[in-house]
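Enquirer: Sharing a structure below in structure tokens format, with a few things to ask.
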Amino acid sequence: MSHFDPWIDGSIVGVYLLATLIAGVMVRRYVGKVEDYLVAGREMDVYLGIASLAATEFGIVTCMYTAQAGYTKGFVGAMPGILQAVAMLVIGLTGFCIKPLRLSGVMTIPELFQRQFGPRVRWAAGLVIILGGLLNMGLYLRIGGEFLSAVVGFDPGWLEWVMTALLVLVLVYTVLGGMLSVLVTDYLQFVVMSVGLLVVTYLVFADVGWSRLVETVETHHGAGGFDPLAAGGPGWSFLLFQSCLQVAATITWQPVIARLLSAKDERTGRRMYVRTSAFFAARFVIPGLWGIAALAMLTPVELAGLPPGADPSLHAMPVYLARLVPVGLMGLLVAAMLAADMSTDSSYMLTWGSVIYNDLCAPFRKGPWSEKRGLFWNRTIVVLIGVFLLFFGLWFPLKGDLWTYFSVTGTIYLSSVSVLLVSCCYWKRANSWGAAAAIFFGAAFPVATLVLPYLDPEKSFVLTRLGDNWNGFLAYVLAAVGMIVGSLLKPASRSGPTVAMGASS
């Protein structure tokens, strides 16, 4: 039973939503150019970058799949976050790939690829980025609505209307202000989100206690809940796939890279990576503990009360929080989760839209467009992405756990684009043949993993036998092999990478 009070908690949520809308709309007058809209004029400092990156990469859907990982895997469920924290720290300190990328002065990663691999590879890379990115984001509204339905207690029949209203609110300030609105609202959302996370985590520990959490993992998961390589743990395939995934995401995940490219200079971008690294572990660890607490405290009767077809491992955490969090603090929790969700939605729509405008539409622009025309089409694209997300999220049936779905959809482009970026920056012999092979082979396994079970489960026997982790790991291996073999089969006619290392705009 939810403790959400329509007057007390509803007022807290209402004030937050109004403040966010006003803050986001107010900065629209500073948007005069496409560069302002997509990369905030490249004026972002390190502190705003930390707040924006942290807010963007923690949404309701993040909370849901990390809590599900804690429920189903124990403490091992936080391993992807720990791996990405290490990747963020090392890459931020060394500047691996992100230094030449920021110095190049581009607005998207595919734009950089044109300098070495040509316009066709730029377009193909943009296509797989959009395919993987939009599929990855497609379930955000549905999952966010299911969380809110559980903790607030509204009728599930209102889910579509509630999430449509929230999407429209986010679209208003994102369409008007672009990255400037995203950065300003992200700062407000970061503060609200952080307070909410800390308060709820305190309540969880006060209710359950550390020893009960450990005992629950021991009882339900054994040694595999603490050690991924122990009996019952996810094993080497999980570690290999997640290691590749987290490194690739750190250097090529477009919403993250958008912050790097919006930074004042490459030093600011690297400092942002270093100082945000611990948060990437926390965003898995904290909701993971909530999921373990739900496993410890919910009774079979409470889980039996879930809506028909609901996955207990996914919905246990919001059901537990609805029972745990009292009136007043429930409003703070809902505001914090809405803050997290809105920052993610706004940033993701803008960054995927930037790739569509900057890279997929590039061949169709006859000469440079005026700033006014460019802004019009960027805003139109963001609206169209919002419409896609609304309808896709309502009809797509999820099979399997959320984190696997997001890992596989992200790998559609992370596998190849990460290989292309490393090659573009550091391998002189890389050419368009190798790039094309990397894109094709990098996308083949994850696309087949997603599509075949829905079209013909019998034909997915090989993929099922390998498992999602090996399928994902092989995508990175095949992308790298494709780049090497393709480039060596037909050596480039010109030598050396053409990445601009000196001009930072």
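Enquirer: Looking only at region 210-226, count every residue that is within 26 Å of the chain's Cα centre (by Cα) and not in a loop (DSSP other than H, G, I, E, B) and tell me the total.
Expert: Adding up the residues that qualify gives 1.
Enquirer: May I ask you to list the residues in region 470-505 that are modelled with pLDDT under 70 and surrounded by fewer than 18 Cβ atoms within 10 Å (Cβ to Cβ)? Outline the logic, then answer.
Expert: Taking region 470-505 as the starting set, the residues that turn out to be modelled with pLDDT under 70 are 492-505.
A492, S493, R494, S495, G496, T498, A500, M501, G502, A503, S504, S505 - these are the residues of region 470-505 that are modelled with pLDDT under 70 and surrounded by fewer than 18 Cβ atoms within 10 Å (Cβ to Cβ).
Enquirer: Continuing with the same structure: For region 267-292, how many residues are within 22 Å of V39 (Cβ to Cβ), buried (at least 20 other Cβ atoms within 10 Å of the Cβ) and more than 18 Å from the chain's Cα centre (by Cα)?
Expert: Looking only at that region, the number is 3.
Enquirer: On to the next question. If you take the residues of region 342-361 that are aliphatic (A, V, I, L, M) and in contact with a Gly (Cβ under 8 Å, 6 or more places away or on another chain), which of them is farthest from L183 (Cα to Cα)? Walk me through it before giving the result.
Expert: Of the residues in region 342-361, the ones aliphatic (A, V, I, L, M) are 342, 349-350, 355-356, 360.
With in contact with a Gly (Cβ under 8 Å, 6 or more places away or on another chain) added as a condition, the list becomes 349-350, 355-356, 360.
Values: M349: 14, L350: 12, V355: 19, I356: 21, L360: 25 Å.
The residue in question is L360.
Enquirer: For V168, only one of the following conditions fails: (1) touching a Leu at 6+ places or on another chain (Cβ under 9 Å); (2) of a type in the set (V, I, T); (3) closer than 30 Å to L450 by Cα. What is its number?
Expert: (1)
Enquirer: Select from region 26-48 the residues that are of a type outside the set (V, I, T) and outside any helix (DSSP H, G or I) and write down the one among them that is surrounded by the most Cβ atoms within 10 Å (Cβ to Cβ).
Expert: From region 26-48, those of a type outside the set (V, I, T) are 26, 28-30, 32-33, 35-38, 40-45, 47-48; that's our starting set.
From the residues that got through so far, the ones that are outside any helix (DSSP H, G or I) too are 32-33, 43-45.
Numbers: G32: 12, K33: 12, E43: 14, M44: 25, D45: 12.
It comes out as M44.
Enquirer: Taking the options L240, L180, L229, name whichever one is without any contact (Cβ under 8 Å) to a residue 24 or more places away in the chain and either surrounded by 16 or more Cβ atoms within 10 Å (Cβ to Cβ) or not in a helix (DSSP H, G or I) (or both). Don't jump to the end; show me each part of the working.
Expert: On the way: L240 fails: without any contact (Cβ under 8 Å) to a residue 24 or more places away in the chain; L180 fails: without any contact (Cβ under 8 Å) to a residue 24 or more places away in the chain.
Going through L240, L180, L229 in turn, the sole match is L229.
Enquirer: Restricting attention to region 112-128, and to residues there that are touching an Asp or Glu at 6+ places or on another chain (Cβ under 8 Å) and of a type in the set (A, V, I, L, M, F, W, C), which single residue is nearest to S418 (Cα to Cα)?
Expert: Filtering region 112-128 for residues touching an Asp or Glu at 6+ places or on another chain (Cβ under 8 Å) gives 122-123, 125-126.
In the following step, the residues that additionally are of a type in the set (A, V, I, L, M, F, W, C) were identified as 123, 125.
Working: W123: 16, A125: 11 Å.
The residue in question is A125.
Enquirer: With region 268-385 as the region, which helices (runs of 4 or more DSSP H) entirely inside it contain at least 3 residues that are modelled with pLDDT of 90 or more?
Expert: Details: elements: 300-304, 312-324, 329-355.
Result: 312-324.
Enquirer: Any idea how many residues of region 243-255 are part of a helix (DSSP H, G or I), at pLDDT 90 or above and within 16 Å of E57 (Cα to Cα)?
Expert: Residues of region 243-255 part of a helix (DSSP H, G or I): 243-252, 254-255.
So of that shortlist, the ones also at pLDDT 90 or above come out as 243-252.
Applying the additional criterion that residues be within 16 Å of E57 (Cα to Cα) yields 245-252.
Total satisfying the criteria: 8.
Enquirer: Just wondering, is there one or more residues in region 138-145 that are among the small types (G, A, S) and in a helix (DSSP H, G or I)?
Expert: The initial filter retains those residues of region 138-145 that are among the small types (G, A, S), namely 138, 144-145.
If we keep only those that are in a helix (DSSP H, G or I) too, we end up with 144-145.
Yes: one or more hits.
Enquirer: Here is a follow-up. Starting from residues that are at pLDDT 80 or above and among the small types (G, A, S), keep the ones in region 146-176 and report whichever is farthest from Y16 (Cα to Cα).
Expert: Here the residue is A150.
Enquirer: Would you pick out the residues in region 362-379 that are among the basic types (K, R), more than 23 Å from L180 (Cβ to Cβ) and exposed (fewer than 12 other Cβ atoms within 10 Å of the Cβ)?
Expert: Going through region 362-379, the residues among the basic types (K, R) turn out to be 365-366, 372-373, 379.
Filter again for more than 23 Å from L180 (Cβ to Cβ), leaving 365-366.
Result: K366, single match.
Enquirer: Now a separate question. If I go through region 206-220 residue by residue, how many of them are among the hydrophobic types (A, V, I, L, M, F, W, C), under 14 Å from L324 (Cβ atoms) and exposed (fewer than 14 other Cβ atoms within 10 Å of the Cβ)?
Expert: 1
Enquirer: Another question, then. Kindly indicate the residue of region 419-447 that is of a type in the set (F, W, Y) and in contact with a Leu (Cβ under 7 Å, 6 or more places away or on another chain) and also modelled with the lowest pLDDT among those meeting that condition. Talk me through it step by step, then tell me what you get.
Expert: Keep residues of region 419-447 that are of a type in the set (F, W, Y), which gives 426-427, 433, 440-441, 445.
Subsequent filtering for residues that are in contact with a Leu (Cβ under 7 Å, 6 or more places away or on another chain) retains 433, 441, 445.
Values: W433: 94, F441: 93, F445: 79.
Applying the filter and picking the extreme gives F445.
Enquirer: Return yes when A336 is among the aliphatic types (A, V, I, L, M), closer than 15 Å to G196 by Cα and surrounded by 19 or more Cβ atoms within 10 Å (Cβ to Cβ) and no when it is not.
Expert: Details: among the aliphatic types (A, V, I, L, M): yes; closer than 15 Å to G196 by Cα: yes; surrounded by 19 or more Cβ atoms within 10 Å (Cβ to Cβ): yes.
So A336 passes the test.
Enquirer: Go through region 19-65 and report how many residues are more than 15 Å from D345 (Cβ to Cβ), more than 18 Å from the chain's Cα centre (by Cα) and hydroxyl-bearing (S, T, Y).
Expert: Qualifying residue count, region 19-65: 3.
Enquirer: Can you pull out every residue in region 57-106 that is buried (at least 24 other Cβ atoms within 10 Å of the Cβ), hydrophobic (A, V, I, L, M, F, W, C) and outside any helix (DSSP H, G or I)?
Expert: Across region 57-106, the qualifying residue is only F58.
The values are calculated or read from the model by the stated rules, or taken from the named source; none is laboratory data. Owing to the predicted nature of the structure, the values given are computational and were not obtained by experimental measurement. Note: ideal-geometry Cβ built from the backbone for every residue, glycine included; neighbour counts use all protein chains shown.
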